[in-house]
């Protein structure tokens, strides 16, 4: 059910942007699970938007690839470490955006060196690995 709250927030964001006459400013990067993907023959496929004179690209709702992968992993009973840690409850998903949750998770590490972060987390990571920063995050 946590996913549903995030999808609702994404839908509300897209709808508010359209209602504000800013459909031409929509971007896949604006949302987390539900996207406003472009459709049409090419980039010139635009239409009049309801609350603005500026033409906007044609759009359709779609689930983002990362979210679809999350669903597939759930079905396959693969571990969902990241999602479980990030969204521990529906109540949190209703109160906070994903951005707010992520900022809250990273705030204790602001201004700390990599060495201090590794010491405080107790993680032993290979600092020479190409994916070191990703693993540390």
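Every number in this text was worked out from the coordinates using simple rules, so none of it is lab data. Keep in mind it's a predicted model, so treat the numbers as computed, not measured. Glycine also receives a Cβ, built like all others from the backbone with ideal geometry; neighbour counts cover every protein chain displayed.
Residues considered: 61, 109, 33. Largest GNM mean-square fluctuation over the chain, using C-alpha springs under 10 Å, is found at 109.
Computed from label points 7 Å out along Cα-Cβ, the spacing between residue 61 and residue 132 is 4.4 nm. Here are several values of Cα extents along the principal axes in Å: [x] 48, 32, 27; [y] 55, 31, 29; [z] 40, 33, 24. Which one was derived from the coordinates shown? Given [x] 48, 32, 27; [y] 55, 31, 29; [z] 40, 33, 24, the structure-derived one carries the label [y]. On a 0 to 90° scale, report how tilted helix 65-75 is relative to the longest principal axis of the chain, with both axes built from alpha carbons and the result rounded to the nearest 10. Here the helix axis deviates by roughly 60 degrees. Between 0 and 90 degrees, rounded to the nearest ten: what's the tilt of helix 2-19 against the longest Cα principal axis of the chain? Approximately 40 degrees, to the nearest ten.
As an exercise, use a Förster radius of 35 Å and the Cβ-Cβ distance of residue 53 and residue 11 to find the FRET efficiency, rounded to the nearest 0.05. FRET efficiency, residue 53 to residue 11: 0.90.
In the chain, helices alone account for a calculated mean residue ellipticity at 222 nm of -13000 deg cm²/dmol, with every DSSP H run of four or more residues adding -39,500 (n - 2.57).
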